[in-house]
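Visitor: Quick one: structure below, then a few questions.
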Amino acid sequence: MEYRIVLPEDMEDLAAAMKKAYLDEPWNESWTDEKAVRRIRGIMSNFESFGIKAVKANVVVGGVLGFVDPYADVDFFFASELFVVPEWKRKGIGKALLLELESYLKDKGIGTMQLISVGYNQNFYGKSGFVKDSVSVLYKETGNIL
C-alpha cells in the first residue's frame, strides 16, 4: 500500500472510492457521481485543505481529507472525511492514513486534529488516540433538502 498526498487531479478517483465506501454498513448510502465529486471538491477547496490517499496498484482505496481550522492561539486540523473501500477495511489502512496525516501535521506545527464521528466508529477513533471533547454537534433542518 502506498500513501500519497492528494493532488487536484485526484478528485474523481477519491470520489469513486468514497462513494464505494458509503455503500457499505452502517451507512448504506447511494451517492451519485456528481454528489461524491462535489463533496470531495468542497472539502479540498477549503482554506489550507490537505489530504492523503491510500493507493494499491494505482487504484485509490481510501483517503483522509480536511483543512486547517485557525483559532486565536492555535491551529486545528479538521478531518472532514476518512474512508476506506469495503474490501480493504480492517486491514490497518484507516489507522495508517491517520498516522500519515498526523506526521504531516506535526511537520506543519499543527498539534490537534478534530473530527465528527458516528457512534459506530468511535471505538476505532478511540484506538487511534482520539477522545471526546466538551463540544456537542448540533443541527437544525431548514426545510426541503435537495
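Visitor: Within region 105-135, can you find the residues that are among the aromatic types (Phe, Trp, Tyr), surrounded by 15 or more Cβ atoms within 10 Å (Cβ to Cβ) and either in a loop (DSSP other than H, G, I, E, B) or touching a residue at least 40 places away in the same chain (Cβ under 8 Å) (or both)?
Guide: Scanning region 105-135 gives a single hit, Phe130.
Visitor: To continue, here is another question. Looking at region 63-93, which of its residues are assigned to a loop (DSSP other than H, G, I, E, B) and in contact (Cβ under 8 Å) with a residue 12 or more places away in the chain?
Guide: Correct list: Val74, Val85, Lys89.
Visitor: Only one of Ala16, Ala57 is among the aliphatic types (A, V, I, L, M), at pLDDT 95 or above and farther than 25 Å from Tyr120 by Cα; which?
Guide: That would be Ala57, the only listed residue that is among the aliphatic types (A, V, I, L, M), at pLDDT 95 or above and farther than 25 Å from Tyr120 by Cα.
Visitor: Going through region 108-131 one residue at a time, which ones are under 18 Å from Asp69 (Cβ atoms), out of contact with any strand residue (DSSP E or B) (no Cβ under 6 Å at 6 or more places or on another chain) and not hydrophobic (A, V, I, L, M, F, W, C)?
Guide: Listed by number, the residues that qualify are Lys108, Gly109, Gly111, Ser117, Tyr125.
Visitor: For region 39-62: of the residues being of a type in the set (Lys, Arg) and part of a helix (DSSP H, G or I), which is surrounded by the most Cβ atoms within 10 Å (Cβ to Cβ)?
Guide: Out of the qualifying residues, it is Arg39.
Visitor: In addition: Among what's in region 21-36 and is under 14 Å from the mean Cα position of the chain (by Cα) and in contact (Cβ under 8 Å) with a residue 24 or more places away in the chain, pick the residue that is surrounded by the most Cβ atoms within 10 Å (Cβ to Cβ).
Guide: So the residue we want is Ala21.
Visitor: Moving to a separate point now. With respect to the numbered conditions (1) at pLDDT 95 or above; (2) among the hydrophobic types (A, V, I, L, M, F, W, C); (3) buried (at least 16 other Cβ atoms within 10 Å of the Cβ), which one is the sole condition not fulfilled by Phe76?
Guide: (1)
The values are calculated or read from the model by the stated rules, or taken from the named source; none is laboratory data. All figures in this text were calculated on a predicted structure; none of them were measured in a lab. Cβ: placed from backbone, ideal geometry, glycine included. Neighbour counts: every protein chain shown.
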